[in-house]
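Heads up: the structure comes next, in structure tokens.
Only the coordinates and a few stated rules stand behind these numbers; no lab work does. Predicted model only: the values in this text are computed from it and were never measured. All Cβ positions, even for glycine, are placed from backbone atoms using ideal geometry, and neighbour counts span all protein chains on display.
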């Protein structure tokens, strides 16, 4: 009799657990689409302080959209678009969401986010403040923005229409594709991408992250449809050219397509890398020798390393596919304390702005070199003046945190210094955590530096480079982890 009761209790418990599992684990639906977002030439490209007009396109620029969905009472949605761009202005994200909502009125458009690969050879996307672009003979920013919104929104709609049951696997490999570019000297100051072959060179200021995080998606028939690659390195190997170029992401995508199928869609996610560069800071001659022996350009060498990591991860995880899994997408507006502008910052910036205006008035051609820098510092002037009215300014940022099975995906709008990304990954309850920087930005891709960087000074850590400072960075870390905890505690 006791045994029968125990068996019934066990049976009831098992049924309860199965029902509970069915509530949180749901069939994954996947859709993806790739579109060409290359501009009409000539076009102004961004990423440097001086005006550059690109007359040629050395590679296409790509946007890749992916839709993830589960259905039913516990269903959720995430729409992610990776774009070959320096950054994605938040007002442009809003326009994409509006365009999608018109075509798909039943979706939650707030579940859409766009990220930039941070190439310095892509068109200007800000309507004002970056450069004085010629009015004739050059693609205008508004025209390219309209084109961008149309292309990206259509890619999202087509990915939505393509969605079908599928499966996913997550992997992790390693590739040296980024190096810390903050150089510390004996007097305690830091430089940005400055020299290391000096007696006063002491160390690199921050961390490096050589992980290559990957996601692989298959359809019901077992065909690979989409690959996600996350790398803590901006696509800036060819950053100064007067050309349109997707940088190392182009050969990365081409390599993946050549091996796994030309119709595979590839999303590039830039992990926390505000203080990282693909340019070597020392040992360059030895590295160049090995690259030359392989007969590879620098971007091809970076792609070789990354694709090797992708291949090794795929071989290890391809058999471990998940079609029914926990999926939840949390979205919120996170208010971050802005970095304080001092009176000294204000006076110095105001003097620079006035001097630049005088130079441009005397020689209008000087605007090619001075206009962006002038506006960069003029924003500091305006921030100080706003502080007089509001002494506790806050920066609103869209925060996306996703649980996809055992992994977490979290976004931010900044060129986030690597230490912050590592803080998130180190404390995350997820098996593996993908950090995506530059998922929208209202400030030309504002850096978010550590306190150590602010103390050292130099570009990327001075007041003009930062809307949000180290304190706000820690608020971002802590809130992201709170949300991850909540998703995992469920």
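Given R0 = 25 Å, the distance between the Cβ atoms of residue 355 and residue 390 translates into a calculated FRET efficiency of 0.30.
Summary of the geometry: the range 83-152 and the range 375-400, compared by the centres of their Cα atoms, lie 23 Å apart. From least to most packed, judged by other beta carbons within 10 angstrom and beginning with the fewest, 235, 313, 38 follow the order 38, 313, 235. If you restrict to DSSP beta bridges whose two residues both lie in the range 25-160, what percentage is antiparallel, to the nearest 5? The antiparallel proportion sits near 80 percent.
Going from the residue with the fewest nearby Cβ atoms within 10 Å to the one with the most, 362, 239, 205 rank 362, 239, 205. Taking 0.36 nm per residue of sequence separation and removing the Cα-Cα distance, the residue 101/residue 308 pair yields an extension gain of 70.6 nm. To the nearest ten degrees, helix 418-427 and the longest principal axis of the Cα atoms of the chain are 20 degrees apart. With the simple spin-label model, which puts each label point 7 Å out from Cα in the Cβ direction, the residue 332 to residue 285 separation comes to 5.4 nm. The shape of the range 339-389 can be summarised by an equivalent ellipsoid whose semi-axes, obtained from the alpha carbon gyration tensor, come to 23, 9, 8 Å from longest to shortest.
The range 437-483 and the range 263-317 have Cα centres separated by 26 Å. Counting DSSP beta bridges in the chain, what percent are antiparallel, to the nearest 5? Antiparallel bridges make up about 75 percent of those DSSP assigns within the chain. Over the C-alpha atoms of the range 358-471, the Rg to Rh ratio, Rh being the Kirkwood estimate, stands at 1.08.
Arranged from fewest to most other beta-carbon atoms within 10 Å of their beta carbon, 397, 290, 80, 172 become 290, 172, 397, 80. Subtracting the Cα-Cα distance of residue 348 and residue 56 from 0.36 nm times their residue separation leaves 101.3 nm of extension gain. The smallest convex shape that holds all Cα atoms of the range 156-301, its convex hull, gives 147 Å³ per residue. Only DSSP H runs of four or more residues enter the estimate; each adds -39500 (n - 2.57), and after division by the residues of the chain the mean residue ellipticity at 222 nm equals -12000 deg cm²/dmol. Against the empirical 2.2 N^0.38 Å (N residues), the range 216-347 has a Cα radius of gyration ratio of 1.40.
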